[in-house]
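Every number here is computed from the coordinates shown, using simple stated rules; none is lab data. As the structure is a computational prediction, the values presented were derived from the model and not from experiment. Note that we place each Cβ from the backbone using ideal geometry, even for glycine, and neighbour counts take in every protein chain shown.
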C-alpha cells in the first residue's frame, strides 16, 4: 500500500520531505508534483527502482527518461554543455522546459538513449519538488505520470494512489499541477530543435514557436 503525504504547496512540512527522501533513497518509486504535471521519480543510481519506474509506465529503454535537477550546477555534471547551450539553459531554468543533451559518463549507460547517448534534463520551478530535491541531495530520475495506453497525465493524487497503490511506495500530494507538458528542446545537435511545444515559451530563448 503506497503512502500519501499531504504537503503544503507554499510551506512544505520538512518532516514529510525528509521521509519522502528516505523512501526514495531506499529504492522507492514516488509520484510527485512538478510545474507541468505529476511525475514518477526514483533514485538515479538504483537499477531496480529505474526498472520498476519503466514497468509502471510500460516504456522501453528507447523512451527518454529525465533527470530532475535543483540547478544548473547539477545539470553540468550529467550533460556536456558548451557556452552557447549554457546561456540558453540559464534563460530557461528553472521552468517548464526539458532539454535533450549529450550525456556524460556520470549517467549510467542504461539510463541514456541506447543509440544516441543522450539524456533529458530539466530544472523544475515547483517549490515542493525543489525542496524535495534539496533534501534528497542529488537529481531524481523521472518520467511523466501517464498511465499505460493513455495520453493524458494523471493530476489527482488520490486517484494516483488508488490506481498504483501496489506499485508506488509514495504519493506526494500538494494539489493539482498545471496539466501542461514541458516544452522539449533538443540541444544535442548543432542547432536547437523544438521537439514538443508545451508550457515553456520558446520565444524567451530566441526560438520560433512550432506553429509560426
Original post:
Does the range 177-205 hold any residues that are touching a residue at least 60 places away in the same chain (Cβ under 8 Å) and in contact with a helix residue (DSSP H, G or I) (Cβ under 9 Å, 6 or more places away or on another chain), and which are they?
Top reply: 183, 185, 187, 192, 200, 204, 205
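Could you tell me how many of the residues in the range 176-193 are surrounded by 14 or more Cβ atoms within 10 Å (Cβ to Cβ) and either in a strand (DSSP E or B) or within 19 Å of the chain's Cα centre (by Cα) (or both)? Write out each step before concluding.
Within the range 176-193, the first condition is being surrounded by 14 or more Cβ atoms within 10 Å (Cβ to Cβ), and the residues that meet it are 177-178, 180-188, 192.
Filter once more, so that each one left must be either in a strand (DSSP E or B) or within 19 Å of the chain's Cα centre (by Cα) (or both): 177-178, 180-188.
The number of residues fulfilling the criteria is 11.
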Original post:
What is the number of the single condition among (1) more than 10 Å from residue 33 (Cα to Cα); (2) assigned to a helix (DSSP H, G or I) that residue 167 does not meet?
Top reply: (2)
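Pick from the range 35-51 the residues that are assigned to a strand (DSSP E or B) and in contact with a strand residue (DSSP E or B) (Cβ under 6 Å, 6 or more places away or on another chain): which of them is surrounded by the most Cβ atoms within 10 Å (Cβ to Cβ)? Walk me through how you get there before you give the answer.
Residues of the range 35-51 that are assigned to a strand (DSSP E or B), as a first pass: 39-43.
Filter once more, keeping what is in contact with a strand residue (DSSP E or B) (Cβ under 6 Å, 6 or more places away or on another chain): 39-42.
On the way: 39: 26, 40: 25, 41: 30, 42: 26.
By that ranking, first place goes to 41.
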**OP:** Tell me which of these residue 71 doesn't satisfy, since it passes every other one: (1) buried (at least 17 other Cβ atoms within 10 Å of the Cβ); (2) in contact (Cβ under 8 Å) with a residue 40 or more places away in the chain.
**Re:** (1)
